[in-house]
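A.B. asks: Please find one structure pasted underneath; my questions will follow.
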Amino acid sequence: MPTPLASFALCLLPFLPCPPRPDELRLDDGRVLVGAVTARGDLLEVQTRDGTVVVAKARVKSHRTDDELRAELRRDEQNGPPGAFLDLQLAARARAYGLDAELWRHLDRAVPALQAAEATATASGAALQRRLADLLGQLEPELLPQRLRSAKPAARIQALLQAVRPGLGVGKSAALAELLVREPNADGELRRLARGQAQSQAQRLFALRVLQRRSAPGNDRFVLRSAVLDDSAEVRSGAIELVRSAGAADPAAVACLAPGLTHAEGELRIRTAEALGSLGHADAVKLLVLAGPNAGKAVGDADPVLRSHVAFLDQQSYVRDFDVEVAQGTAIGSPRVGLLQSGVVLDAAVPMVFEIVRSYRRALHTLTGADPGGDPRLWAHWLANLPTPAPTPAAAQPARRR
């Protein structure tokens, strides 16, 4: 049953201003204006995305309302052959007509279909991908308010990244990514946002996807290091998937992560082992085996142990004393109440070295499909006696949840 506040809001809906309905005006000089039209005597004010344009009614050769434009799109959709090509055409025409809802609806269908075509590497799919990228790169007015279109790059980048929210359609997501990929000199700001300054995990991961697509030197290694440095297991796992999908899971990537196996902070050793296991390259096996016997050595003082505790407590109030107050010759006792607490607290300290060794062991099992055992001193012997000389990567295991 709706709450009183919700019922009041529903009653107000008929009185709330509706978004402007775009019309199309074709002028005698060949110009086409799309926007909300308001008549002012012999003049027409057209509120376009770029501002207000005033034209004389006598200069208008044709005037089509938004209902007529939508009807035309529906007819073309019904009469055309279904598929990504038609959706891409209709999306471009919907944008020209100022019909945002239709634009995103057709893009939401076209983008997944064209991504599938790209995966099959067909010539027609590649041509449509280029047309799609060109259209997506023109959608800044639909995604940024006018005041931000000429703002400094950092403000534009932040605004585009903040638009990444739950429930974002695939069309808008693709448009945001394309605009960020094309944004000049955006790598530094994207790295800053991806390294924890973004508001959400989804936005950090989105920034990493954009960096992976940009051609600036070092972006691929930045994405790879995020698989260890980010505090979110979801972002770390997503970074590894980006590296694998880009074909960068090579010996150089393993070498880039390898120093983390001897880092002074135990948590980074664990994350590095998880990343190497998920990366799936056989070169990581020997590095994990060599690092295993020294897994717990020289661990920083900040995290020598993992601690957990549980408390079972009983609290009871009691009168521990009285304060005497005198009022009109009468002594009044004001009690002081104390709290008696009893019970037991169970505390367990697990040395960090055990968790590090377990993470190395899990990574080796992921990479080879075989369990090396719990004693890292025997891993070299285990490696020498593996049935196959070149370990075959197994399916990546999910990252450990903190």
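The values are calculated or read from the model by the stated rules, or taken from the named source; none is laboratory data. These numbers were taken from a predicted model, which means no experiment stands behind them. Glycine also receives a Cβ, built like all others from the backbone with ideal geometry; neighbour counts cover every protein chain displayed.
A.B. asks: Is it the case that residue 328 is farther than 30 Å from residue 228 by Cα, loosely packed, with under 14 Cβ neighbours inside 10 Å and at pLDDT 80 or above?
C.D. replies: The answer is no for residue 328.
A.B. asks: The conditions are (1) at pLDDT below 90; (2) within 30 Å of residue 36 (Cα to Cα), and residue 120 fails exactly one of them. Which is it?
C.D. replies: (2)
A.B. asks: Is it the case, given these coordinates, that residue 357 is modelled with pLDDT of 75 or more and loosely packed, with under 11 Cβ neighbours inside 10 Å?
C.D. replies: Spelling it out, it is not the case that residue 357 is modelled with pLDDT of 75 or more and loosely packed, with under 11 Cβ neighbours inside 10 Å.
A.B. asks: Tally time: how many residues in region 208-260 are within 23 Å of residue 173 (Cβ to Cβ), small (Gly, Ala, Ser) and in contact (Cβ under 8 Å) with a residue 24 or more places away in the chain?
C.D. replies: Residues meeting the conditions: 10.
A.B. asks: Next question. For region 192-206, which residues satisfy the criterion of being touching a helix residue (DSSP H, G or I) at 6+ places or on another chain (Cβ under 6 Å) and either farther than 20 Å from residue 148 by Cα or at pLDDT 95 or above (or both)?
C.D. replies: Across region 192-206, the qualifying residues are 194, 201, 204, 205.
One line per residue, one yes/no per condition, for (1) in contact with a Leu (Cβ under 7 Å, 6 or more places away or on another chain); (2) modelled with pLDDT under 90; (3) surrounded by 14 or more Cβ atoms within 10 Å (Cβ to Cβ); (4) not acidic (Asp, Glu):
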| position | (1), (2), (3), (4) |
| --- | --- |
| 237 | no, no, yes, yes |
| 277 | yes, no, yes, yes |
| 284 | yes, no, yes, yes |
| 288 | yes, no, yes, yes |
| 305 | no, yes, yes, yes |
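A.B. asks: Which pairs have Cβ atoms under 9 Å, sit 6 or more apart or on different chains, and link a residue in region 32-45 that is touching a residue at least 12 places away in the same chain (Cβ under 8 Å) to one that is of a type in the set (Ser, Thr, Tyr)?
C.D. replies: Short answer, once both residue conditions are applied: 33/48; 34/48; 34/97; 35/48; 35/52; 36/48; 37/65; 44/38.
A.B. asks: Let me ask something else. Under 9 Å by Cβ, and 6 or more places apart or on different chains, what pairs join a residue from region 176-204 that is farther than 17 Å from residue 229 by Cα with one that is among the acidic types (Asp, Glu) and not in a helix (DSSP H, G or I)?
C.D. replies: Once the first residue is farther than 17 Å from residue 229 by Cα and sits in region 176-204, its partners that are among the acidic types (Asp, Glu) and not in a helix (DSSP H, G or I) give 189/183.
Results for (1) basic (Lys, Arg); (2) over 17 Å from residue 22 (Cβ atoms); (3) assigned by TED's automatic domain parsing to the domain that holds residue 190; (4) touching a Pro at 6+ places or on another chain (Cβ under 7 Å), shown as yes or no for each residue.
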position: 86; (1), (2), (3), (4): no, yes, yes, no
position: 95; (1), (2), (3), (4): yes, no, yes, no
position: 98; (1), (2), (3), (4): no, no, yes, yes
position: 107; (1), (2), (3), (4): no, yes, yes, no
position: 116; (1), (2), (3), (4): no, yes, yes, no
position: 130; (1), (2), (3), (4): yes, yes, yes, no
position: 135; (1), (2), (3), (4): no, yes, yes, no
position: 144; (1), (2), (3), (4): no, yes, yes, no
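A.B. asks: Given the structure, is residue 133 in contact with a helix residue (DSSP H, G or I) (Cβ under 8 Å, 6 or more places away or on another chain), of a type outside the set (Phe, Trp, Tyr) and at pLDDT 90 or above?
C.D. replies: So residue 133 passes the test.
A.B. asks: Looking at region 151-167, which of its residues are under 21 Å from residue 95 (Cβ atoms) and more than 12 Å from the chain's Cα centre (by Cα)?
C.D. replies: 156, 159, 160, listed by residue number.
A.B. asks: If you scan region 187-230, which residues turn out to be small (Gly, Ala, Ser) and touching an Asp or Glu at 6+ places or on another chain (Cβ under 7 Å)?
C.D. replies: Answer for region 187-230, where residues must be small (Gly, Ala, Ser) and touching an Asp or Glu at 6+ places or on another chain (Cβ under 7 Å): just 216.
A.B. asks: If you take just the helices (runs of 4 or more DSSP H) that sit entirely in region 43-124, which of them hold at least 1 residues that are among the basic types (Lys, Arg) and surrounded by fewer than 13 Cβ atoms within 10 Å (Cβ to Cβ)?
C.D. replies: Values: elements: 66-79, 84-97, 100-120.
By residue number, 66-79.
A.B. asks: Considering every residue within region 148-168, establish whether at least one is out of contact with any helix residue (DSSP H, G or I) (no Cβ under 8 Å at 6 or more places or on another chain), touching a residue at least 12 places away in the same chain (Cβ under 8 Å) and either under 18 Å from residue 212 (Cβ atoms) or in a helix (DSSP H, G or I) (or both).
C.D. replies: No, because not a single residue in region 148-168 is out of contact with any helix residue (DSSP H, G or I) (no Cβ under 8 Å at 6 or more places or on another chain), touching a residue at least 12 places away in the same chain (Cβ under 8 Å) and either under 18 Å from residue 212 (Cβ atoms) or in a helix (DSSP H, G or I) (or both).
A.B. asks: What number of residues within region 156-203 satisfy the criterion of being buried (at least 20 other Cβ atoms within 10 Å of the Cβ), under 27 Å from residue 109 (Cβ atoms) and hydrophobic (A, V, I, L, M, F, W, C)?
C.D. replies: Total meeting the criteria: 8.
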